[in-house]
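S.K.: This is the structure I want to talk about, given as structure tokens.
Bear in mind that the values in this text are calculations on the coordinates, not laboratory data. These numbers come from a predicted model, not from an experiment. Ideal geometry is used to build each Cβ from the backbone, glycine not excepted, and the neighbour counts take in all protein chains shown.
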Amino acid sequence: MKVNGIPRQSIWVHPQNPEIIQIIDQRQLPHEFVVEDLRTPEDAAVAIREMHVRGAPLIGVTAAYGMYLALLQMSREGRNAAWLASQAKMLGDTRPTAVNLQWAIERMLDLVATGGPNLSQMALQKAIEIEREDAGFCKSIGENGVKLIAEIAARKDGPVNILTHCNAGWLATVDWGTATSPIYHAYDAGIPIHVWVEETRPRNQGGLTAWELGQHGVPHTVIVDNTGGHLMQHGMVDMCIVGSDRTTYTGDVANKIGTYLKALAAHDNGIPFYVALPFSTFDWTLRDGLKEIPIETRTPDEVKQIRGWADGKMTTVDLFPASSPAVNYGFDVTPARLVTGLITERGICEANERSILNLYPEYAPFA
Ligand code: MRU
């Protein structure tokens, strides 16, 4: 997608030095566009843990490049297999909920297991493959999902009002995004749309979504997280599209905290609630999302404080009494029964085991 008219991805190999991976430091957006260099696996781990990069697919791609940086360091410093395993563990321990992280690390470890004379070069090629694959999948998600928006547009006057939560945009993937890809495809096809962007406290990823949509010219309005239900009750939302950090093969969806409440409100008001995700976000080993998906808890400081832009720089201010305890769950699980459908790179399916495995039959033996 474009930033100030220039095509950009969220992660790329340094054009002059393939030993450096570059990312956008998303903590500074939407106020500053800062490019950061990753030179070591530790850099990649910090970038994921501290959320310089975030969003399930991008976390996975960053971890794949982190493994490449580990293999480079291994050949440079003569490290052994145990050290490489410790680097894989360091990367894998950064964030617990997004399954794309483990998926990408395992793909890189499978490559390492094949041996070969120039493993770091092979790892670079594999990480680039994972990066390009993600961009391609997200594009396909958009091509499949745009039909749902077109169907609603065909039967109403005025724009299709789409509600989204968190940032499941191109900043959360490599390009296009998951939930935003059908939105960008609809806008580019001339379908009249308007997006309700939820702020997504405590980290306000809605600011990233608003920035992305603004860069592309998509009409949108920012709302606080508690507004969605009110809008749905008053016929101001035609459909919801969100992303996912991990979806079971039975269709339970873990996504940013607050997603479940929007799915409940959508269900109560008869509004379609779609989840957009690539196959790397499915967990083919888990049946019961509520019981089995690990939910990240982050520092209470993110709840008790807020970061923002003042006087030309990022500033943090206190919101609550210093003595009040706070808890900060990063994600919740929306049960499959509240999900109208899953928009994937292979097509749209229902959120149930039969329909999901019908799209992905090769994963059935693992289920
Ligand atoms: O904590 P974050 O910002 O990494 O959470 C991101 C989300 O919950 C997204 O909605 C999800 O990863 C889908 S991204 C395409």
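S.K.: Could you work out the relative contact order of the stretch 327-367, using alpha carbon pairs under 8 angstrom and six or more residues apart, expressed as a whole percent?
M.R.: Numbers: 24 pairs, mean separation 9.4, N = 41.
Computed over the stretch 327-367, the figure is 23 percent.
S.K.: Distance between the C-alpha centers of the stretch 1-40 and the stretch 261-308? Whole Å please.
M.R.: Measuring centre to centre over Cα atoms gives 27 Å.
S.K.: Also, I was wondering about something else. Quick one: what are the phi-derived ³J(HN,Hα) couplings along the stretch 103-116, Karplus 6.51/-1.76/1.60 with θ = phi - 60°, whole Hz, x for glycine and proline?
M.R.: Rounded to whole hertz, the list is 4, 5, 5, 4, 4, 5, 5, 4, 5, 4, 5, 6, x, x.
S.K.: Using a ≥ b ≥ c from the Cα gyration tensor of the stretch 183-265 (square roots of the eigenvalues), is it rounded, prolate or oblate, where a/c under 1.5 gives rounded and otherwise the larger of a/b and b/c decides, a/b for prolate? If you can, show how the numbers build up before the last one.
M.R.: Values: a/c = 1.43, a/b = 1.33, b/c = 1.08.
Judged from the Cα gyration tensor, the stretch 183-265 comes out rounded (a/c under 1.5).
S.K.: What is the fewest-to-most order of ARG298, ARG246 by other Cβ atoms lying within 10 Å of their Cβ?
M.R.: Details: ARG298 16, ARG246 29.
The fewest-first ordering by Cβ neighbours comes to ARG298, ARG246.
S.K.: Right, here's the next one. Using +1 on the beta carbon of Lys and Arg, -1 on that of Asp and Glu, and nothing else charged, what's the dipole of the chain about the Cα centre, debye to 20?
M.R.: Values: 31 positive and 42 negative charges, 13 e Å.
In total the dipole reaches around 60 debye.
S.K.: Also, I was wondering about something else. Given +1 on the Cβ of Lys and Arg, -1 on the Cβ of Asp and Glu, and no further charges, what dipole in debye does the stretch 2-133 carry about its Cα centre, rounded to the nearest 20? Walk me through the numbers before you get to the answer.
M.R.: Working: 13 positive and 15 negative charges, 29 e Å.
Here the stretch 2-133 has a charge dipole of around 140 debye.
S.K.: Follow-up. Could you work out the relative contact order of the stretch 228-267, using alpha carbon pairs under 8 angstrom and six or more residues apart, expressed as a whole percent?
M.R.: On the way: 25 pairs, mean separation 17.4, N = 40.
Worked out over the stretch 228-267, it gives 43 percent.
S.K.: Relative contact order of the chain: what whole-number percent is it, with Cα pairs under 8 angstrom and at least 6 residues apart? Don't jump to the answer; show the numbers that get you there.
M.R.: Details: 754 pairs, mean separation 57.4, N = 367.
With pairs under 8 Å counted, the relative contact order is 16 percent.
S.K.: With 10 angstrom as the radius, rank HIS185, HIS230, HIS31 by how many other C-beta atoms surround their C-beta, starting from the fewest. Kindly include the intermediate steps, with their values, before the conclusion.
M.R.: Details: HIS185 21, HIS230 12, HIS31 15.
Ranking HIS185, HIS230, HIS31 by Cβ neighbours within 10 Å, fewest first, gives HIS230, HIS31, HIS185.
S.K.: How much net charge surrounds GLY136 when only the other residues with a Cβ under 14 Å from the Cβ of GLY136 are counted, with Lys and Arg +1 and Asp and Glu -1?
M.R.: Numbers: positive: ARG132, LYS139, ARG346; negative: GLU129, GLU131, GLU133, ASP134, GLU143, ASP175, GLU345.
Spelling it out: positives minus negatives among the neighbours equals -4.
S.K.: Placing unit charges on C-beta atoms (Lys and Arg positive, Asp and Glu negative, everything else neutral), compute the dipole magnitude of the stretch 92-152 about its Cα centre in debye, rounded to 20.
M.R.: Values: 6 positive and 9 negative charges, 12 e Å.
Using Cβ point charges on Lys, Arg, Asp and Glu, the stretch 92-152 gives about 60 debye.
S.K.: Per residue of the stretch 81-93, what does 6.51 cos²θ - 1.76 cosθ + 1.60 with θ = phi - 60° give for ³J(HN,Hα)? Whole Hz please, x for Gly and Pro, Karplus curve as stated.
M.R.: These are the phi-based 3J(HN,Hα) values: 5, 5, 5, 4, 4, 5, 5, 4, 5, 4, 5, x, 8 Hz.
S.K.: Give LYS2/LYS126; LYS89/LYS291; LYS139/LYS291; LYS262/LYS313; LYS126/LYS147; LYS262/LYS291 a once-over and call out the pairs whose C-alpha atoms are over 28 Å from each other. Don't jump to the answer; show the numbers that get you there.
M.R.: Values: LYS2/LYS126 25 Å; LYS89/LYS291 24 Å; LYS139/LYS291 32 Å; LYS262/LYS313 33 Å; LYS126/LYS147 32 Å; LYS262/LYS291 20 Å.
From LYS2/LYS126; LYS89/LYS291; LYS139/LYS291; LYS262/LYS313; LYS126/LYS147; LYS262/LYS291, over 28 Å: LYS139/LYS291; LYS262/LYS313; LYS126/LYS147.
S.K.: Now for a different question. For the chain, state the semi-axes of the equivalent ellipsoid (square roots of 5 times the eigenvalues of the alpha-carbon gyration tensor), sorted largest first and rounded to whole angstrom. Could you put the intermediate results ahead of the total?
M.R.: Details: eigenvalues 204, 115, 84 Å².
In descending order, the three semi-axes are 32, 24, 21 Å.
S.K.: Still on this model: Whole angstrom only: what separates the Cα centroid of the stretch 70-129 from the Cα centroid of the stretch 144-209?
M.R.: Between the Cα centre of the stretch 70-129 and that of the stretch 144-209, the gap is 34 Å.
S.K.: By its C-alpha gyration tensor, with a ≥ b ≥ c as the square roots of the eigenvalues, how is the stretch 147-366 shaped: rounded for a/c under 1.5, else prolate for a/b larger than b/c, else oblate?
M.R.: Details: a/c = 1.72, a/b = 1.18, b/c = 1.46.
Taking the square roots of the gyration eigenvalues as a ≥ b ≥ c, the stretch 147-366 is oblate.
S.K.: Continuing with the same structure: Using the 10 angstrom Cβ neighbour count as an exposure proxy, how do ILE223, ILE141 rank, fewest first? The partial results should precede the final answer.
M.R.: Details: ILE223 16, ILE141 32.
In increasing order of surrounding Cβ atoms, one gets ILE223, ILE141.
S.K.: Compute the signed sum of charges (Lys and Arg +1, Asp and Glu -1) over the other residues within less than 14 Å, Cβ to Cβ, of VAL46. Don't skip to the answer; put the middle values down first.
M.R.: On the way: positive: ARG27, ARG39, ARG49, ARG54, ARG95; negative: ASP25, GLU36, ASP37, GLU42, ASP43, GLU50, ASP93.
Taking every Cβ under 14 Å from that of VAL46, the sum is -2.
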